[in-house]
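Laboratory data are not the source of any read-out in this text; all were calculated from the coordinates shown. Every value quoted in this text rests on a predicted model; they were computed, and no experiment measured them. Every residue, glycine among them, receives a Cβ derived from its backbone with ideal geometry; neighbour counts consider all protein chains shown.
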Amino acid sequence: MQLPELTSWAWIPVVIFAAAAQTARNASQRSLIATVGTLAATLSRFLYGLPFALLWLLFVLKFSAPQSHESAFTLRYFGWLSVGALSQLAATGLMLLAMKERNFLIGTTLTKTEVLQVALFGAVFLHEVPGWISMLAILVATVGVLMLSAPRAMVSMRGLWTDRTVWYGLGSGAGFALAAVGYRGASLEQPGMSFWLIGAWGVLLAQALQSSLVVGYLLLREPARLIEIARAWKMSLVAGSTGALASFGWFTAVAMHSAAEVRTLALVELLFSYLVSHRLMGERLALREKLGLGLMMLGLVVICLRF
């Protein structure tokens, strides 16, 4: 038995799978945040995901064609991978700062400008310029997301651009965008390797680096948090396993396709979370939210139909 070869359009179901897994991970992390704090809960995702990342790598090595194992772990590869891992950590930190501010909803909403920033950074650093149809779809989907999630207060707020929460949100979006571009850049340094293996190696190495950095920080600043993480091992395993599944999908998808279009289609995660929460809570969508949802879906459909 061998893992099937991934076709040129297979990145679409891979992204949808990753978005669904990330929705499950977010749900499991909510209770962890209340128990051990946000930074420690983030560590749980990386640290408890490492065994699953290792198992997946071993599985892929066993069931993929031997000729697809060719690798080129160069300094450029590790450079791009480090950019991705460190940018992801920085983005998470800025998002946490935004959440601590009075206008945290505005800050977290502006993190969703990540999609536009991915297109910009991808063009500058990787020379991957989206076609005009894709760029239009990215713009439409981004406007839809902002309409869907922006608080009403954003429309009437004065001095918006002097609010540091705004800059935390934009900075977080930039960090997540650079992370996607970094992981895409790393994958392009492995031209002879199968997409399955590129994703498996990327998840394992990136999460090992992130776990080491966060563990080191907590040892210096909040060592008690590490004991709390160990005590909450059951929920941490759930967060780690679902987070690892999501990461497998993201890494594999950006190995196959441009980061800008992958991150645009990844907005389907918001659709999953939004529809589930409203379905469970029985809330009705406001007109602005319905329009935003429609625009986001239009952008995602256009991205998919191009392939």
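Observations, loosely collected:
- Neighbours of residue 35, meaning other residues whose beta-carbon lies under 9 angstrom from its beta-carbon, give a summed charge of 0 when Lys and Arg score +1 and Asp and Glu score -1.
- The range 1-57 shape via C-alpha gyration tensor axes, a/c threshold 1.5: oblate
- Estimated vicinal HN-Hα couplings, Hz - the range 15-22 in sequence order (Karplus 6.51, -1.76, 1.60; Gly, Pro = x): 5, 4, 4, 4, 5, 5, 5, 5
- Neighbour-count ranking [beta-carbon atoms within 10 angstrom, fewest first] of 233, 167, 201: 233, 167, 201
- Overall, the anisotropy analysis places the range 225-272 in the prolate class: the square-rooted eigenvalues a ≥ b ≥ c of its C-alpha gyration tensor yield a/c not less than 1.5, with a/b exceeding b/c.
- Compared with the direct C-alpha span, the chain from residue 3 to residue 54 gains 16.7 nm at full extension, assuming 0.36 nm per residue.
- Charge tally in the Cβ shell below 15 Å around residue 82, where Lys, Arg are +1 and Asp, Glu are -1, residue 82 excluded: +1
- Extent along the principal axes, Cα only, for the range 187-265: 43, 23, 22 Å, with the longest axis given first.
- Across the range 197-203, rounded Karplus estimates of 3J(HN,Hα) from the backbone phi angles (6.51 cos²θ - 1.76 cosθ + 1.60, θ = phi - 60°) give 6, 4, x, 5, 5, x, 4 Hz, Gly and Pro being marked x.
- Other residues with beta-carbon under 13 Å from the beta-carbon of residue 136 carry, at +1 per Lys or Arg and -1 per Asp or Glu, a net charge of 0.
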